Amino acid sequence: MSRSAAPSDRATTLLSRILPAYAALVVGFMVLVILEGAIVRATGSGAGCGNHWPLCNGDFFPHHPRLATIIEYTHRSMTGLCTALVAGLITWTFYARPRGDRARRAVVWSGVLLITEALLGAILVKGGYVEHNASNMRVFMQSIHFTNTMLLLAAITLTWWWLRDRQQPSRSFHNAIPAAWLALAATILVGASGSVAALADTLFPSTSLRTALLQDFSAGSPLLVRMRWIHPAAATLGLACALWLAFQLRGTLARWIISLACAQVLLGVADVLLLAPTWMQVLHLLGADLYWIALVAAAATVLAPQRQPLRETLPSSVATAASTEAA
């Protein structure tokens, strides 16, 4: 190796070490985008930019905007910045990681799901599934949109998690595979049903807890309201699956899952008792995002454990010979 090449190699190594921190930044910013999207829905600001997408009321920058326009435009601007961050993450990951690396696959899915997310957002706006629209089609689109959001956050989380290159526990988690799949599937159901319940709280607010409970089981209530019970039922199932996974996994990730799951239960109860004010919905969603990130990382540990490098798996004599030949 020439002396002139050494600084370049050191720079490449430094960039590779910084990459996981950048990926963590993208995960955090994605969470902020999701929370701002909840504010858009809770405040009925989805039509703040009119029936225009990606422009806002036909302009790049809204003129004399009302509050709903500011909220919606802020969300679109954050989404645009998130797109740039993900594009940078894709480029950097492909530069720093070799062909076939699983972080590359995860970051590609991040890009694909980000495009899908933008298209679903456009359908919501162009189709008029915003503000006070309580149609069955909006319920369907809301569920699909939030499910895609969860998958997008999961893909970015996996990219960050696999870029860390931390040594994983040596023991096998084969018995935890069913628990991991069930926990993921149940949590996606919890998220989709939660988005529907939050939409019902926004469009049909209740004046008291008693009134809200009566509306849930009244034949005269809108279908959207009568679907609210699905969320706590799904959350109970999801909690059971998560605890099963945590029991199989143990360790730090297991403690995070249990702690965040318990926090979510408390936040969910508070959300119901307080009749779902906007700030409480955002706080509840923040807890859900953090829980989902921890669950995805735990499931990845079970379903896609890190393979040991060639040098560690081969006999020492073979590994030495391979190293000598490569040199």
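Bear in mind that the values in this text are calculations on the coordinates, not laboratory data. Keep in mind that this is a model prediction, so the values were computed, not measured. Here the Cβ is made from the backbone with ideal geometry for all residues, glycine too, and neighbour counts use every protein chain on show.
Here the chain is assigned +1 on the Cβ of each Lys and Arg and -1 on the Cβ of each Asp and Glu. Its dipole about the Cα centre then comes out at about 700 debye. Based on Cα contacts under 8 Å between residues 6+ apart, the range 172-309 shows a relative contact order of 34 percent.
Counting only Cβ charges, +1 for Lys and Arg and -1 for Asp and Glu, the dipole size of the range 18-166 around its Cα centre is about 460 debye.
In plain terms, the residue of R97, R138 with the fewest other Cβ atoms within 10 Å comes first and the most crowded comes last, giving R97, R138.
I need to check one value: relative contact order of the range 18-166, counting alpha carbon pairs closer than 8 Å and at least 6 residues apart, in percent. Taking the mean separation of contacting Cα pairs over the length of the range 18-166, I get 34 percent. Neighbour counts of C-beta atoms inside 10 Å place L260, L55 in the sequence L55, L260, starting with the fewest. Estimated at 0.36 nm per residue, the fully extended path between F247 and W53 surpasses their Cα-Cα distance by 65.2 nm.
Of the trypsin sites (Lys or Arg not before Pro) found in the range 63-99, those in coil by DSSP whose Cβ has at most 14 other Cβ atoms within 10 Å are R66, R99. Relative to the Cα centre, the charge distribution of the range 172-309, modelled as +1 at Lys and Arg Cβ and -1 at Asp and Glu Cβ, gives a dipole magnitude of about 260 debye. Using the Cβ of T43 as centre and a radius below 14 Å, the other residues enclosed give a net charge of -2, where K and R count +1 and D and E count -1. A simple spin-label model places the labels of L274 and R255 2.8 nm from each other, with each point 7 Å out along Cα-to-Cβ. Using a Gaussian network model of the chain with C-alpha springs under 10 Å, which one of A200, A122, A154 is most mobile by mean-square fluctuation? Sorting by GNM fluctuation, first place goes to A122. Across the chain, C-alpha contacts under 8 Å between residues 6 or more apart give a mean separation that, scaled by the residue count, equals a relative contact order of 19 percent. With 0.36 nm allotted per residue and the present C-alpha distance subtracted, the L286-W181 stretch has 35.5 nm of extension available. From least to most packed, judged by other beta carbons within 10 angstrom and beginning with the fewest, V86, V26 follow the order V26, V86. Here the Gaussian network model covers the chain, with springs between Cα atoms less than 10 Å apart; of L214, L182, L223, L214 fluctuates the most.
Relative to the longest principal axis of the Cα atoms of the chain, the long axis of helix 102-126 lies at roughly 20 degrees. By the rule of a second cysteine Cβ within less than 4.7 angstrom, the chain holds isolated cysteines at C82, C241, C262.
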